[in-house]
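Taken together, the values in this text are just the output of simple stated rules run on the coordinates, not laboratory data. Note that the structure is predicted; figures quoted are calculated from it, not measured. Here Cβ is always computed from backbone atoms with ideal geometry, including for glycine, and neighbour counts include all displayed protein chains.
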Amino acid sequence: MTVTETAASIDDMALGATGATRATGVNRQLKLARASVAAIFFINGAATANWLVRIPAVQAKLGLSKGALGIALLGVAVGALVAMPRAGHLATRYGSRPVTRVGAAIFGATLLLPALAPNTVALVLALVALGVGHGTLDVAMNAQASTVERAYRRPIMSSFHALWSAGGLAGSAIGGVVAHHGVGVATHLVTTALIAGLLAVLVTGGMLPASADVDTGEAAPARPRGILLTLGTMAFCVLLGEGAMADWSALYLRDVTGATPGAAAAGYAAFSLAMATGRFAGDALTLRFGAMPLVRGGGVLAALGLGAALVVGSSWAAIVGFGAVGAGFSVAFPLMLARAGSLAGTTPGTAIATVSVFGYTGFLAGPPLIGFVSQATNLRGGLLVVVLTSLTVAVLAGGFRERASGPERPGGSTQDHSDASGSLLGPDGSAPH
């Protein structure tokens with residue numbers, strides 16, 4: 001069975017045989033699958049945050065300088081970038097549910113390794129392994145999310161990413177309390193790994209089966225060209241901005257505007273809060289306005305908000321500007337993954353992996369790029385890079401309207417039958433419920 005045929009069977013499952021089922025557009029299995037995907041996103045975010053809050057403890061244990069720690073942390077990126085394309089291929093060949101389960105198991109098993117590392121070399125290897133698990137899980141769960149969204153026939157991808165953000169906030173709070181009470185980092189991460197692993201195994205059982213998105217035919221490789229290249233470029237720009245906010249917002253407030261340490265932390269808090277809020281509202285906004293206007297408007301909002309903040313130069317303007325970047329970018333990346341997962345002529349797993357690699361590369365490249373530009377000019381000039389990449393997103397957002405060539409989608413046409421979010425329309429061409 002090919003992806004096209006399984007997509008049709010998913011739509012049949014969603015529509016059902018009765019008029020009542022057709023009116024709701026979803027059945028009990030799909031609701032369970034949606035809840036399962038939501039849970040795995042939340043678990044992933046919470047487990048990741050529990051590791052992040054213990055990085056200082058690991059640094060202190062090994063006596064690492066900031067530079068050595070920064071190099072070691074690149075291991076996560078290396079592992080993820082290596083694993084993501086392979087994970088997309090495996091999700092296509094075996095289905096996203098089993099690969100999500102395997103990715104969650106690897107992620108859980110490797111989450112405790114950094115705490116056990118006796119030296120810097122061991123820490124780097126542990127973080128590479130952690131990156132492999134994280135990258136595999138990230139691609140596979142997004143592929144499953146894309147499959148569930150297509151079956152729902154309306155936008156739901158943004159809500160999954162909102163729950164990842166919520167999981168991150170919850171995990172940060174829990175991890176902070178645990179660290180405050182003096183619990184050892186090894187005990188903390190071993191417990192986190194066991195709980196997250198057990199919950200992941202339980203919730204993945206409710207996902208759509210492998211037959212829903214496995215491709216037993218000859219799937220076209222997801223080469224970065226055409227609309228896929230456009231989506232990848234936008235993902236690079238969006239996550240470059242996210243990385244910039246994470247690494248440079250507090251420094252800008254402290255060094256350029258003269259903010260106190262507490263006020264400097266408010267910049268990233270404003271960005272994170274705006275992003276989480278935007279993602280929770282993202283599905284409803286996508287259903288009402290469509291993906292292309294949201295992505296384009298978000299790019300403009302981020303560019304104007306941050307640009308104005310850089311011109312004004314005050315602390316309050318910077319905090320508002322960083323919040324504008326969070327709001328503008330909040331739904332962009334989830335919508336890009338949803339669009340990639342619905343493209344004709346390729347498979348969800350490989351397409352999502354391609355866009356994810358572009359995005360992850362931007363997240364890694366952004367902070368050092370801004371550092372280089374800041375060194376040549378100043379930090380205000382460095383953050384101007386984010387303004388330019390935001391405008392690039394706005395310009396390229398028209399790619400959401402392009403048709404993708406390839407094998408037929410359900411509906412009997414070579415056109416990619418998607419609404420503005422990338423979700424499949426009904427076999428009769430009707431709008432999503």
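Give the Kirkwood hydrodynamic radius (Å, one decimal) of region 226-401, defined as one over the mean of 1/r across all pairs of different Cα atoms.
On the way: mean 1/r = 0.0626 Å⁻¹.
Result for region 226-401 stands at 16.0 Å.
By average Cβ neighbour count within 10 Å, what is the ranking of 296-305, 370-379 from highest down?
On the way: 296-305: 21.8, 370-379: 15.1.
Ranking the peptides 296-305, 370-379 by packing returns 296-305, 370-379.
How much of the pair distance distribution for region 3-212 lies past 25 Å, counting alpha-carbon pairs only, in percent? The partial results should precede the final answer.
On the way: 8945 of 21945 pairs.
Across region 3-212, Cα pairs with separations above 25 Å total 41 percent.
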Span from the region 274-343 Cα centroid across to the region 143-203 one, whole angstrom: 23 Å
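Exposure proxy check: HIS181, HIS89, HIS188 ranked by fewest other beta carbons within 10 Å?
Values: HIS181 8, HIS89 19, HIS188 22.
The fewest-first ordering by Cβ neighbours comes to HIS181, HIS89, HIS188.
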Theoretical gain in end-to-end length, LEU116 to LEU273 [0.36 nm per residue, Cα-Cα removed]: 53.2 nm
Extended-chain gain in nm, criterion 0.36 nm per residue less alpha-carbon gap, ALA68 and ILE174: 35.4 nm
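Between LEU388 and HIS181, what length comes free when the chain is fully extended (0.36 nm per residue of separation minus the Cα-Cα distance, one decimal in nm)?
Working: separation 207, 0.36 × 207 = 74.52 nm, distance 4.42 nm.
Residue separation times 0.36 nm, minus the Cα-Cα distance, leaves 70.1 nm.
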